[in-house]
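Novice: Have a look at this one.
The values are calculated or read from the model by the stated rules, or taken from the named source; none is laboratory data. Because the structure is a prediction, the values reported are computed rather than measured. Cβ: placed from backbone, ideal geometry, glycine included. Neighbour counts: every protein chain shown.
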Amino acid sequence: MNNAAPSVSAVGLGFTLLMGLLLLIVPRRYAMVPLIILTCYMTMGQPVVIAGLNFTMIRILLIFGWIRLAVRGELKGLKWSTMDTVVVAWTLFRTLNYTLVWGTTTALVNRLGYAYNIIGFYFLFRFLIHNGKDVYRAVRWLAVFIVPLAAFVISEKLTARNAFAIFGGVPPIPEIRDGVLRCQGPFGHSILAGTFGATSLPLVASLWWSSPPKKVLAMLAAISCLVIIALGGSSGPVLACMAAFAGLMLWPLRRQMRYVLWGSVVVLLGLQVVMNSPVWFVMARLTVFSGSTGWFRGFVIDMAVKHFWDWWLIGSNAATQWHYYLRDITNQYVLEAVDGGLVTLSLFITMLVLSFRSVGRTVRSAKMPPPSKHLAWAMGSALFAHAVTFISVSYFDQNFVMFYFVLAAIPAVAVVPYSAAQQRGQTPVPRPEALPVISSPEADWKLEMIR
């Protein structure tokens with residue numbers, strides 16, 4: 001990591017420590033709140049440097065999260081899954097292979113920082129999120145906090161000043177490209193700001209399937225996501241938003257998704273036949289804003305395919321020798337390949353496949369209540385938006401937090417949230433003066449949605 005990182009903002013550090021204290025003291029059902037707040041409102045550009053290691057604000061909050069798990073006795077109840085094994089294996093291979101390719105201590109420290117993010121946040125969410133009710137609460141709080149975030153982005157558009165510059169790490173004046181002011185809020189780039197809106201859209205939209213008051217929140221939050229996407233001024237997030245919307249609209253075809261997937265493959269093969277250039281250059285035509293670099297997205301993939309034998313074993317440090325433009329690899333899949341080889345790329349794709357498979361099993365299960373199925377489908381749509389946006393950008397800011405949240409939350413949705421009496425194996429007996437106690441899984445969900 002870069003030891004010459006700028007000094008941390010006192011305001012940012014104070015806000016982070018406040019969220020850390022909140023994370024330590026709130027009940028588990030509210031533990032996601034400070035994590036969501038910091039993800040929505042804190043920049044990552046100014047870390048605390050300790051012994052040459054960069055601790056961004058979100059990494060500092062992660063320390064508080066694990067202290068909470070240890071002190072409050074919440075490091076229990078985790079049922080190890082195939083997904084957990086794949087996440088750990090992916091982290092190990094991308095760390096080991098990258099270090100071997102570059103052969104320096106700096107490379108090892110860099111990869112250990114990424115491993116800290118991956119393992120730390122993924123398993124923090126695995127311990128904090130037990131079932132679908134926990135996921136629903138987290139999504140509800142995300143919807144609440146994304147509305148003020150959109151207001152800040154609107155202010156940035158109107159004033160050409162970024163209010164989050166007070167925390168450091170983001171420019172006070174947003175970028176202007178081809179006459180378009182590209183708002184970025186607290187995120188590392190305007191593309192990543194739009195990406196946050198696009199990948200959050202299906203999550204907050206899932207509240208529409210709940211009680212009438214939550215429908216209002218769902219509409220406000222969804223509109224806020226669209227505002228963030230539009231004011232980012234980048235084509236990639238718009239395409240990710242379209243992917244998220246398409247995922248939600250495919251709900252009526254949830255039992256025919258195999259045919260949809262194979263149909264998509266046939267379409268891509270057909271495009272490959274009729275196009276003069278490889279099919280991945282279709283992205284050159286998928287531009288929304290002027291100044292977009294759709295051609296470059298296809299070019300990055302093309303270079304990776306042509307130099308397959310350079311990176312397939314453990315990765316490569318010669319990408320800039322393939323072409324000067326490849327000093328910036330704006331494709332997460334290509335980045336996984338170049339940094340860790342074919343095994344690392346395969347494990348990354350396996351994580352996505354296992355998550356989509358889990359969504360499919362949940363929505364097809366006769367044992368799952370309808371709210372669980374709807375929420376699982378929304379989580380799958382969010383993951384699809386992540387998978388699409390990975391073609392045009394790699395996460396170097398707090399967006400990775402929401403990605404690991406989705407990976408950890410999808411299997412949790414499949415856990416039916418029973419009442420405390422059911423967990424103890426007891427049948428609630430209503431008092432004469434009280435209303436009857438309904439303890440079915442679907443009734444528990446409805447009660448949670450009303451709250």
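Novice: Taking the options Ser355, Ser394, Ser381, name whichever one is closer than 17 Å to Ile301 by Cβ, hydroxyl-bearing (Ser, Thr, Tyr) and in contact (Cβ under 8 Å) with a residue 12 or more places away in the chain.
Specialist: Sole residue among the options that is closer than 17 Å to Ile301 by Cβ, hydroxyl-bearing (Ser, Thr, Tyr) and in contact (Cβ under 8 Å) with a residue 12 or more places away in the chain: Ser394.
Conditions tested, residue by residue: (1) over 13 Å from Phe167 (Cβ atoms); (2) surrounded by fewer than 21 Cβ atoms within 10 Å (Cβ to Cβ); (3) in contact with a Cys (Cβ under 7 Å, 6 or more places away or on another chain); (4) not β-branched (Val, Ile, Thr).
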position: Met19; (1), (2), (3), (4): no, no, no, yes
position: Leu22; (1), (2), (3), (4): yes, yes, no, yes
position: Arg29; (1), (2), (3), (4): yes, yes, no, yes
position: Met32; (1), (2), (3), (4): yes, no, no, yes
position: Leu38; (1), (2), (3), (4): no, no, no, yes
position: Met44; (1), (2), (3), (4): no, no, no, yes
position: Ala51; (1), (2), (3), (4): yes, yes, no, yes
position: Thr56; (1), (2), (3), (4): no, no, no, no
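Novice: Scanning for something closer than 30 Å to Ser372 by Cα, touching a residue at least 12 places away in the same chain (Cβ under 8 Å), in contact with a Pro (Cβ under 6 Å, 6 or more places away or on another chain) and not in a helix (DSSP H, G or I), does segment 128-135 turn up at least one residue?
Specialist: Yes, because at least one residue in segment 128-135 is closer than 30 Å to Ser372 by Cα, touching a residue at least 12 places away in the same chain (Cβ under 8 Å), in contact with a Pro (Cβ under 6 Å, 6 or more places away or on another chain) and not in a helix (DSSP H, G or I).
Novice: Right, next: From the list Val88, Val109, pick out the single residue that is part of a helix (DSSP H, G or I) and either crowded, with 19+ Cβ neighbours inside 10 Å or in contact with a helix residue (DSSP H, G or I) (Cβ under 8 Å, 6 or more places away or on another chain) (or both).
Specialist: One residue alone meets the criteria, Val88.
Novice: Please specify each residue of segment 208-225 satisfying the condition of being farther than 20 Å from Pro148 by Cβ and among the hydroxyl-bearing types (Ser, Thr, Tyr).
Specialist: If the condition is that a residue be farther than 20 Å from Pro148 by Cβ and among the hydroxyl-bearing types (Ser, Thr, Tyr), then Ser210, Ser211 are the ones that fit.
Novice: Still on this structure: Are there any pairs, at least 6 apart or on different chains, whose C-beta atoms fall under 9 Å, with the first in segment 170-187 and without any contact (Cβ under 8 Å) to a residue 24 or more places away in the chain and under 13 Å from Leu158 (Cα atoms) and the second surrounded by 12 or more Cβ atoms within 10 Å (Cβ to Cβ) and among the acidic types (Asp, Glu), and if so, which?
Specialist: Pro174/Glu156
Novice: Checking the condition over 30 Å from Asn162 (Cα atoms) and at pLDDT below 95, which residue from Leu69, Leu78, Leu96, Leu100 passes?
Specialist: Unique residue meeting the criteria: Leu78.
Novice: Something else about it: Can you work out which of the residues in segment 196-217 that are of a type in the set (A, V, I, L, M) and touching a helix residue (DSSP H, G or I) at 6+ places or on another chain (Cβ under 8 Å) is farthest from Leu407 (Cα to Cα)?
Specialist: The selected residue is Leu217.
Novice: Can you spot a residue in segment 221-230 that is farther than 20 Å from Val139 by Cα and either in a helix (DSSP H, G or I) or in contact (Cβ under 8 Å) with a residue 12 or more places away in the chain (or both)?
Specialist: yes
Novice: Could you tell me whether Trp251 is at pLDDT below 95 and in contact with a His (Cβ under 6 Å, 6 or more places away or on another chain)?
Specialist: No, not satisfied.
Novice: What pairs can you find where one residue is in segment 7-35 and under 14 Å from Val48 (Cβ atoms), the other is aromatic (Phe, Trp, Tyr), and their Cβ atoms are less than 7 Å apart, with a gap of 6+ or different chains?
Specialist: Listed pairs, sorted by first residue: Ser9/Phe167; Val11/Phe167; Gly12/Phe167; Gly20/Phe64.
Novice: Being surrounded by fewer than 15 Cβ atoms within 10 Å (Cβ to Cβ), of a type outside the set (A, V, I, L, M, F, W, C) and at negative phi narrows it down to one of Arg72, Arg68, so name that one.
Specialist: Arg72
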